[in-house]
1. Go through (1) touching a residue at least 24 places away in the same chain (Cβ under 8 Å); (2) farther than 22 Å from B:ALA156 by Cβ for B:GLY69 and report which single condition fails.
2. Tally up the residues in segment A:62-83 that are assigned to a helix (DSSP H, G or I), more than 8 Å from chain B (Cβ to nearest Cβ) and either of a type in the set (S, T, N, Q) or over 20 Å from the mean Cα position of the chain (by Cα) (or both), please.
3. Being touching a Ser or Thr at 6+ places or on another chain (Cβ under 8 Å), of a type in the set (A, V, I, L, M, F, W, C) and either surrounded by 13 or more Cβ atoms within 10 Å (Cβ to Cβ) or closer than 15 Å to A:PRO28 by Cα (or both) is true for just one of A:LEU189, A:LEU174, A:LEU162, A:LEU178. Which residue is that?
4. Those residues that are surrounded by fewer than 15 Cβ atoms within 10 Å (Cβ to Cβ) and in a strand (DSSP E or B), I need them from segment B:195-237; list them, please.
5. Output the qualifying pairs, or none if there are none: Cβ atoms under 7 angstrom, residues six or more apart or on different chains, first residue in segment B:114-129 and not assigned by TED's automatic domain parsing to the domain that holds B:ASN201, second residue in a loop (DSSP other than H, G, I, E, B) and among the aliphatic types (A, V, I, L, M).
6. Considering (1) more than 13 Å from B:CYS199 (Cβ to Cβ); (2) out of contact with any Ser or Thr (no Cβ under 8 Å at 6 or more places or on another chain), say which one B:ALA103 fails and leave the rest.
7. Within segment B:165-175, identify whether any single residue is farther than 30 Å from B:GLU223 by Cβ and crowded, with 19+ Cβ neighbours inside 10 Å, and answer yes or no.
8. Residues that are touching a Gly at 6+ places or on another chain (Cβ under 6 Å), within 12 Å of chain A (Cβ to nearest Cβ) and hydrophobic (A, V, I, L, M, F, W, C): which helices (runs of 4 or more DSSP H) entirely in segment B:1-88 hold 1 or more of them?
Amino acid sequence: MIKALVAVFLAAILTENYVLSKFLGICPFLGVSKKVNTALGMSAAVTFVMVLATAVTYPIYMYLLVPASLEYLETIVFILVIAGLVQLVEIVLKKYIPSLYNSLGIYLPLITTNCAVLGVTMLVIEKSSPQFGYLHALVNALGAGIGFLVAMVMFAGVRQRLETCDIPKSLKGLPITLVAASLVSLSFLGFSGLVDNMLG
Amino acid sequence: MDYTMIFIAVCIVAGIGLVIGLILSIASILMAVPKDEKVEAITEALPGANCGACGYSGCEGYAKALAKGEAKLGACSPGGEGCVKAIAEILGVEASAVDRKVALVHCMGSCDNTDSKAQYQGIKSCAAAIAAGGSGSCGFGCVGLGDCAEVCPYGAVSICNGVARIDADLCKGCSMCVNACPRHIISFVSYKEQTVVRCSNSDKGAQARKVCKSACIGCKKCEKVCASGAVTVNNFKAVVDAEKCTGCNLCIESCPQGCITEFKV
């Protein structure tokens, strides 16, 4: 059981990294990765929302949508739930942890439209089976969030190095950032098969 | 067509929406953060540049301190007089006159006045050029690669003939360039007619004269000629005390290097 959970966790970080392997959440990946600090803040918020969203959407799907055979409403219901959750988190943070609220700033509402969060909640439904239950789904969401964090922080480091590089004029700015992103993504392909062989 | 299916679907989505809406509205009432109207009004009146010239963390920090009565009026130099009046009205106190400060580059080492000791072809940044040893022959003067112009949010800084120049009318005194200059030759002066020394070289006269035609050589002629004792020479570098200066321009005429000039507004 624990071994399976660890495998799910590691797979979500390395082989099935939502940013670098599934190409979800590219917007914050490119937009908020200029500095390591902001990248850390954003990923922490995303991880939190991912776990919370999965915790709520999974039972909604299993015990509300499936019995009513309304699986096709998955997308719209999940978007609704995630948007509501982010709002709730924002209200709670504003009241109890204003310093965290201020430092997260615009990132929190941005997560509402972050497709990585929606992707985690929806893809985990596809995976669900008698062997892959609620606990696995939560661990998968946590792993996905940590994977997002790893990708963001790594890429922020790469971008900080890029700042001081002598880049050809035509490649300056976004072009070289995209090239760097593809290289980082390519390096993550090396993990595929690794986790399965290690723990499978 | 099975209408009950549609009905159920609508009910479920509407139900989820309703539940979330209810939770959110209850939460927003239960966890409402009491907001100080004064702070909001003051934040509104401030320029919102978050430059930190006032010494607080951004405009909101300053607004909070003002509302509590901890901060002084007029610390916001980008806001200027209009801002002070608006805040004074909100707080219900007398507006005091503000001494407007603008940044000034204390260097006249243009391409005509000074030479370069080496050619620098690295990153276009003063800090990087200095890390590489610096290209200008004067070790105190403006590098001219525009670190200050880069950070200026108001477009007041331009690089003119190898030296940074700050347009006093555009400058809001936010201190971004003062902090950005790796040579620390930008500092604040009052926005009024006065006499300023535009050199930061504290080398001995002969050495300073060698590297720049308009370097202060510390000859003390200005100090001797000044009737009001406003000019002092320390460390082979003249400094004018704006408070004591009468604007007689005797020091400007006496300076053999021409590094003391009028500051016109």
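1. In the conditions (1) touching a residue at least 24 places away in the same chain (Cβ under 8 Å); (2) farther than 22 Å from B:ALA156 by Cβ, B:GLY69 misses (1) alone.
2. The number of residues fulfilling the criteria is 5.
3. Numbers: A:LEU189 fails: either surrounded by 13 or more Cβ atoms within 10 Å (Cβ to Cβ) or closer than 15 Å to A:PRO28 by Cα (or both); A:LEU174 fails: touching a Ser or Thr at 6+ places or on another chain (Cβ under 8 Å); A:LEU178 fails: touching a Ser or Thr at 6+ places or on another chain (Cβ under 8 Å).
Among A:LEU189, A:LEU174, A:LEU162, A:LEU178, only A:LEU162 is touching a Ser or Thr at 6+ places or on another chain (Cβ under 8 Å), of a type in the set (A, V, I, L, M, F, W, C) and either surrounded by 13 or more Cβ atoms within 10 Å (Cβ to Cβ) or closer than 15 Å to A:PRO28 by Cα (or both).
4. Result: B:ASN234, single match.
5. B:TYR120/B:ALA132; B:GLY122/B:ALA132; B:LYS124/B:LEU145; B:SER125/B:LEU145; B:CYS126/B:VAL143; B:CYS126/B:LEU145; B:ALA129/B:VAL143; B:ALA129/B:LEU145
6. It fails just one condition, (2).
7. Of segment B:165-175, the ones farther than 30 Å from B:GLU223 by Cβ are B:167, B:169-170, B:172, B:174.
Next, only the ones that are crowded, with 19+ Cβ neighbours inside 10 Å stay: B:172, B:174.
Among the residues of segment B:165-175, at least one is farther than 30 Å from B:GLU223 by Cβ and crowded, with 19+ Cβ neighbours inside 10 Å, which makes the answer yes.
8. Numbers: elements: B:3-30, B:37-45, B:58-68.
Answer list for segment B:1-88: B:3-30.
The values are calculated or read from the model by the stated rules, or taken from the named source; none is laboratory data. All of these numbers come straight from a predicted model, not from anything done at the bench. Every residue, glycine as well, gets a Cβ built from its backbone with ideal geometry; the counts of neighbours run over all protein chains shown.
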